[in-house]
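The values are calculated or read from the model by the stated rules, or taken from the named source; none is laboratory data. None of these values were measured; they are calculated from a predicted model. With ideal geometry, Cβ positions are generated from the backbone for all residues, glycine too; neighbour counts draw on all protein chains shown.
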Amino acid sequence: MKTTIGTRIRLVRTMSGRSQECFAASLGYTRRSLLNWEGGITEPPIAILKPMRDRFNVDPVWLVMGEGETPKVPKKPRSGGVRRADR
């Protein structure tokens, strides 16, 4: 079964470990826009292809057409929070 572009965007976001808010912001869009794309309500603009390629290692052909291999998406680095000392 062939997936939609919205499903592939959701896959990239979940593989990256980012929230909807963080992922959308990294592309320069709102969470609402991302929800609409992931839900198949609207199609994303072509302008997301470059940041998806550059930030998340996503082949534009895979994103648009679903052809080729699923990308190896880099995980979001953990925040540099305070670590508890070993006891």
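The table for this structure:
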| item | result |
| --- | --- |
| Subset of region 31-42 (residues that are in a helix (DSSP H, G or I), touching a Ser or Thr at 6+ places or on another chain (Cβ under 9 Å) and closer than 13 Å to T7 by Cβ) | E38 |
| Lone unmet requirement of (1) surrounded by 14 or more Cβ atoms within 10 Å (Cβ to Cβ); (2) under 17 Å from T7 (Cα atoms); (3) not small (G, A, S) for P45 | (1) |
| Residue check, S33 small (G, A, S) and modelled with pLDDT under 95 | no |
| Of residues in region 3-30 being of a type in the set (D, E, K, R) and either free of Cβ contacts under 8 Å to residues at least 40 places away in the same chain or not in a loop (DSSP other than H, G, I, E, B) (or both), the one nearest to D59 (Cα to Cα) | R8 |
| Selection from region 51-78 of residues that are among the charged types (D, E, K, R), within 20 Å of S19 (Cα to Cα) and under 14 Å from the mean Cα position of the chain (by Cα) | R53, D54, R55, K72, K75, K76 |
| Verdict on G40 being in contact with an Asp or Glu (Cβ under 6 Å, 6 or more places away or on another chain) and under 19 Å from P60 (Cα atoms) | no |
| Residue under evaluation G40, criteria (1) under 18 Å from V73 (Cα atoms); (2) surrounded by fewer than 14 Cβ atoms within 10 Å (Cβ to Cβ), criterion not met | (1) |
